[in-house]
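In what follows, a single structure is set out as structure tokens and then discussed.
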Amino acid sequence: MKILDIAEVAKRSGMPASTLRYYEEKGLIESLGRRGLRRIFGVEVLERLSLIALGRMAGFSLDEIGGMFGRDDQPRIDRTMLSAKADQLDRTLARLAALRDGLRHAAACPAPSHMECPTFRRLLKVAGAQADRAESVMVRPVRRSGSASKQPR
């Protein structure tokens, strides 16, 4: 079995050693032991790190990614979860495309002021509604000493 020390894994994966130590602490990767003060890994850790990186790029949390590995360290990826994440990405792409188009219009709009442009005003209305929704998701009521207060999640 080919082994790599943490510096070599960091170099090959492009991840800092601190990230590798954190992933090990979270149980996402496992070292084989130590050579002196340095952790050592089997070469297969590079593929696992690639899977973790792919999951992060797709927007999965580290806990979700951790749940995608079975006891035998083989990926056990829930296809329904992948489909749901793809649907979420579709919604994000549509929202970003609409924002892009609105900004391009605002940049080229012949109206004397952006506030006089109906398209720009619609863009403002959408942005305000999204900000309200984001705030309502991030703040929830919490009971303390018999009174309700707002507490960030």
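The values are calculated or read from the model by the stated rules, or taken from the named source; none is laboratory data. Worth saying up front: this structure is predicted, and the values here are computed from it rather than measured. Methodologically, a virtual Cβ is constructed for each residue, glycine included, from the backbone with ideal geometry; neighbour enumeration extends over all protein chains shown. Note: areas computed on protein heavy atoms with side chains; ligands, DNA, RNA excluded. Shrake-Rupley method; radii C 1.70, N 1.55, O 1.52, S 1.80 Å.
Counting only residues that are within 15 Å of residue 5 (Cβ to Cβ), part of a helix (DSSP H, G or I) and over 17 Å from the mean Cα position of the chain (by Cα), how many does region 19-76 have?
5
Filter region 34-90 for residues that are within 22 Å of residue 16 (Cβ to Cβ) and of a type in the set (Val, Ile, Thr) and give the result.
Within region 34-90, 40, 43, 45, 52, 65 meet the criteria.
Can you tell me which residue within region 77-113, out of those that are part of a helix (DSSP H, G or I), more than 30 Å from residue 28 (Cβ to Cβ) and among the small types (Gly, Ala, Ser), is nearest to the chain's Cα centre (by Cα)?
Initial filter on region 77-113 (part of a helix (DSSP H, G or I)): 79-108.
So of that shortlist, the ones also more than 30 Å from residue 28 (Cβ to Cβ) come out as 94-95, 97-108.
Checking the rest, the ones that are also among the small types (Gly, Ala, Ser) come to 94, 97-98, 102, 106-108.
Values: 94: 18, 97: 20, 98: 22, 102: 26, 106: 30, 107: 31, 108: 33 Å.
Only one residue tops the list, namely 94.
Applying the selection to region 62-98, what residues are open to solvent by 50 Å² or more (accessible area, probe 1.4 Å) and basic (Lys, Arg)?
Matches in region 62-98: 71, 76, 79, 91, 95.
So which pairs qualify, if the first residue must be in region 92-107 and in contact (Cβ under 8 Å) with a residue 12 or more places away in the chain, the second must be surrounded by 10 or more Cβ atoms within 10 Å (Cβ to Cβ) and not in a helix (DSSP H, G or I), the Cβ gap must be under 8 Å, and the two must be at least 6 apart or on different chains?
Partner pairs satisfying both residue conditions: 105/117; 106/117.
Report, ordered by the first and then the second residue, all pairs with beta carbons closer than 8 Å, sequence separation of six or more or different chains, a first member in region 27-54 that is closer than 22 Å to residue 76 by Cβ and among the aliphatic types (A, V, I, L, M), and a second member that is open to solvent by 50 Å² or more (accessible area, probe 1.4 Å) and part of a helix (DSSP H, G or I).
From residues that are closer than 22 Å to residue 76 by Cβ and among the aliphatic types (A, V, I, L, M), the pairs are 46/12.
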